[in-house]
Amino acid sequence: MKRFPLMILILEMLCVTLVCSAAFASRQTRTAVAQNTAPPAATLVVSRSGRGPMYFEGAIPYFEVSSSSTRSQQKRLEGSYRGMLMPPGPDVSASFSIAPGDHELRSYVRPCDGNCNRLGGSRDECRATFTIKAGDTLYAVRVETGQGACTLNFSSTPPSAIQPPPDRK
């Protein structure tokens with residue numbers, strides 16, 4: 001008679017395991033279906049043009065994309081250091097894969113503090129909102145001025161090559 005309670009315990013554990021496994025499999029199926037029905041991503045390509053304020057050791061531009069429905073993404077334009085001690089960096093860009101819809105783009109520079117491995121706080125900020133459709137590619141250019149002001153220009157076509165600044169005399 002002592003085996004009977006042990007058999008019941010084993011059967012109860014087996015039932016609990018089966019119910020938990022079924023619930024887990026159902027959740028995985030719902031997640032897979034939700035992932036397959038998500039709208040295709042859109043692409044935002046960011047770059048800079050113009051000549052902003054001359055920070056002595058240079059400055060690195062940053063871009064941040066945010067929306068009410070997704071987590072914000074931030075990128076810096078690598079190799080785009082510009083300063084009095086360094087020639088202008090090459091024309092570089094960065095790409096974001098984002099959900100279609102309404103977004104805000106924020107751009108700013110962080111001056112190099114002694115060198116570009118140590119950066120100061122954000123400066124010369126500009127912001128703009130935009131809407132992008134699924135599968136589209138949108139180009140945003142941070143246009144800088146010597147006074148620190150900047151604007152963000154959006155286009156569905158890639159920006160033309162940036163001309164080098166005129167020689168100083």
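The values are calculated or read from the model by the stated rules, or taken from the named source; none is laboratory data. All values derive from a computational prediction rather than experimental measurement. Neighbour counts run over all protein chains shown; Cβ positions are idealised from the backbone, glycine included.
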Candidate set: the stretch 130-165, residues that are of a type in the set (Ser, Thr, Tyr), in contact with a strand residue (DSSP E or B) (Cβ under 8 Å, 6 or more places away or on another chain) and in a loop (DSSP other than H, G, I, E, B); chosen: the one modelled with the lowest pLDDT: THR145
Residues of the stretch 85-103 that turn out to be modelled with pLDDT of 90 or more and part of a strand (DSSP E or B), as a count: 8
From the options ASN153, ASN117, residue that is under 25 Å from ALA41 (Cα atoms) and polar (S, T, N, Q): ASN153
Within the stretch 39-80, considering residues that are surrounded by 20 or more Cβ atoms within 10 Å (Cβ to Cβ) and free of Cβ contacts under 8 Å to residues at least 40 places away in the same chain, the one farthest from the chain's Cα centre (by Cα): SER80
Only listed residue being basic (Lys, Arg), within 15 Å of ARG48 (Cα to Cα) and modelled with pLDDT under 95, chosen from ARG168, ARG106, ARG127, ARG110: ARG110
Members of the stretch 127-141 found to be under 11 Å from GLU104 (Cα atoms) and small (Gly, Ala, Ser), listed by number: ALA128
Top-ranked residue in the stretch 36-78 [being modelled with pLDDT under 90 and acidic (Asp, Glu); ranked as farthest from THR151 (Cα to Cα)]: GLU57
